[in-house]
Structures are given as structure tokens and as C-alpha cells.
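S.K.: Please find one structure pasted underneath; my questions will follow.
The values are calculated or read from the model by the stated rules, or taken from the named source; none is laboratory data. The structure displayed is predicted, hence computed values, not measured ones. Note: ideal-geometry Cβ built from the backbone for every residue, glycine included; neighbour counts use all protein chains shown. These accessible areas exclude ligands, DNA and RNA; they are computed on the full protein's heavy atoms, side chains included. Shrake-Rupley method; radii C 1.70, N 1.55, O 1.52, S 1.80 Å.
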Amino acid sequence: MRKVFQAELHQVGEELIQIATLVREALAKSKDALFDADIQLAEEVISNDARIDFLQNDLDERSIDILALQSPVASDLRMIVGALRMSASLERMGDLARHLAQLVRLRYPQQVIPESLVPTFTRMIDLDLQIVERVISVLQTRDLSLADDIYALKGEINTLHQSVFEALAAPDWDSSVPTAVDVTLCSRYLERIGDHGVSVTRKVAYLVTGDWVPASADRPTGHGHIGTDA
């Protein structure tokens with residue numbers, strides 16, 4: 001019976017990694033769709049999000065079954081409860097990548113991001129991709145030394161997020177109101193992807209150490225609320 005239980009726990013961990021890998025793929029494709037105004041790629045991201053949703057539902061059902069049938073305690077219980085929360089964060093990251101693709105579809109064939117802000121948004125997405133890469137590594141290895149990298153990357157995203165609002169408020173901003181809305185939404189989506197990456201990292205740290213670190217104790221620099229789970 002114990003072997004079956006451990007196999008179920010292992011499968012939960014593998015599904016978390018699989019979801020995170022699909023999130024990385026969705027975000028990379030959303031980046032290309034965003035800057036190339038590639039409607040076909042945007043549609044692919046939108047349709048593929050159903051796969052992330054399916055895997056999250058499967059993982060959650062599996063976790064609930066384990067809780068009901070195996071009555072896990074101590075570290076095993078932390079693993080199951082943590083997996084339920086991490087799957088929600090990963091699924092939300094996939095939704096945010098889909099939102100980027102939906103903006104591409106909405107504005108096609110025009111570009112979503114004005115030329116003046118392309119470098120800023122390119123950097124933001126690249127930072128988010130680096131966070132997702134490290135989140136996958138943390139899920140695979142539980143190497144908490146990667147956490148500081150993730151916090152630092154999120155700090156840079158926060159600074160860029162703030163710079164977007166400064167650009168919108170600058171006297172020389174001359175783009176349309178719809179463009180301003182699109183830019184605001186894109187920046188918010190990318191900032192939240194980073195937040196959820198930090199959230200997953202904190203939960204892995206809890207699984208490894210058994211100690212819950214409050215959001216206020218996180219160490220990134222810059223603007224924004226790093227530990228927010230929403």
C-alpha cells in the first residue's frame with residue numbers, strides 16, 4: 001500500500017513539472033506572437049491553454065483522492081496541500097500567457113506594443129521566461145539555491161513594470177487610448193506571471209524545510225508585492 005502511495009505522490013510531482021513546462025511553452029509562443037503580430041501562433045496559445053487546465057484538474061482530483069484515501073501526515077500532507085496551491089498558480093500563469101495571445105488576436109494585424117516600449121516588454125518577457133525555467137528546476141530538484149535568482153529576476157520585472165507607468169504618464173506619450181490600455185494590461189500580466197513564479201518557489205521551500213516564510217520576508221528589490229498569491 002505504501003508503494004502505491006509513494007507512486008501517487010511521485011505522479012503529482014511529475015504533473016506539476018509537466019504543467020510548468022507547458023506554461024514555459026505558452027509564454028515563449030506568446031512572446032513571438034506579440035512582437036511578430038502572429039495570429040496563428042496566438043490562436044495556438046489560446047487553444048493549447050485547455051491542456052494546462054486539464055492537467056491542473058487532473059492533478060487536483062488526484063491530490064484530493066490521496067487526501068481522502070491515504071490520510072497523509074507530516075511532510076506527505078505538506079506535499080499534497082502544497083501541490084494543490086502550486087497547480088493553481090501554474091494554471092494562472094498559463095492563463096496570463098493566454099491573455100497576451102488574446103490581445104494579439106484582438107489587435108491583429110496591428111502591433112499591440114508601440115515601438116518605443118518594445119525593448120521594455122522584450123526584457124520583461126525574457127525575465128519571466130527565466131523565472132519559469134528556474135521554477136521548473138526547483139520543482140525537479142528542490143534546489144532552494146535557485147530561489148534567490150527568482151527573487152532577483154522578479155525585482156527587475158517590478159522595476160520595468162513601474163517604468164511602463166512612468167512612460168504612460170510622460171508628456172511625450174502620444175499613442176492612442178486603446179494602446180495605453182493594452183500596454184497597461186500586458187505589463188500587469190507579465191508582472192503577475194513573475195508573482196506566481198515566486199509563489200510556487202515559496203511553496204517548494206515550505207515543502208523542503210517545513211517553515212513557512214511570510215510574503216513580507218521575501219527578498220526581491222523593486223516595486224510591487226512579490227509574495228502575492230492571487
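S.K.: Using the crude model of +1 on Lys and Arg Cβ and -1 on Asp and Glu Cβ, and no other charge, please compute the dipole size for the chain relative to its Cα centre, in debye to 20.
M.R.: It comes to approximately 540 debye.
S.K.: Report the dimensions of the stretch 62-104 along its three principal axes from the alpha-carbon atoms, largest first, rounded to Å.
M.R.: Here the Cα extents, ordered largest to smallest, are 46, 17, 6 Å.
S.K.: Can you find, among 77, 93, 109, the residue farthest towards the positive end of the dipole of the stretch 74-154? Put +1 on the C-beta of Lys and Arg, -1 on that of Asp and Glu.
M.R.: With unit charges placed on the Cβ atoms, the residue in question is 109.
S.K.: Can you divide the C-alpha Rg of the stretch 99-200 by 2.2 N^0.38 Å and report the result to two decimal places? Could you put the intermediate results ahead of the total?
M.R.: Details: Rg = 15.0 Å, N = 102, 2.2 N^0.38 = 12.8 Å.
Taking N as the residue count of the stretch 99-200, the ratio is 1.18.
S.K.: Relative contact order for the stretch 1-154: what is it in percent, counting Cα pairs under 8 Å that are at least 6 residues apart?
M.R.: 35 percent
S.K.: Could the peptides 65-73, 116-124 be put in order, highest first, of the mean number of other beta-carbon atoms found within 10 Å of their residues?
M.R.: 116-124, 65-73
S.K.: Helix-derived [θ] at 222 nm for the chain: sum -39500 (n - 2.57) over DSSP H runs of at least 4, divide by residue count, nearest 500?
M.R.: On the way: 6 runs with 181 residues, N = 230.
Helices in the chain give a 222 nm mean residue ellipticity of -28500 deg cm²/dmol.
S.K.: Can you give me the Cα centroid spacing of the stretch 1-75 and the stretch 92-118 in angstrom?
M.R.: 23 Å
S.K.: Taking 0.36 nm per residue of sequence separation and subtracting the Cα-Cα distance, how much length would be gained by fully extending the chain between residue 53 and residue 14, in nm to one decimal?
M.R.: 12.5 nm
S.K.: With label points built 7 Å along Cα→Cβ from the Cα atoms of residue 162 and residue 188, find their separation and express it in nm.
M.R.: 2.0 nm
S.K.: What whole-number value in Å² describes the accessible area per residue of the chain for a 1.4 Å probe?
M.R.: On the way: 10780 Å² over 230 residues.
Per-residue accessible area for the chain comes out at 47 Å².
S.K.: Once neighbouring chains are kept in place and the probe is 1.4 Å, which whole percent of the accessible area of the chain is contributed by carbon and sulfur?
M.R.: 53 percent
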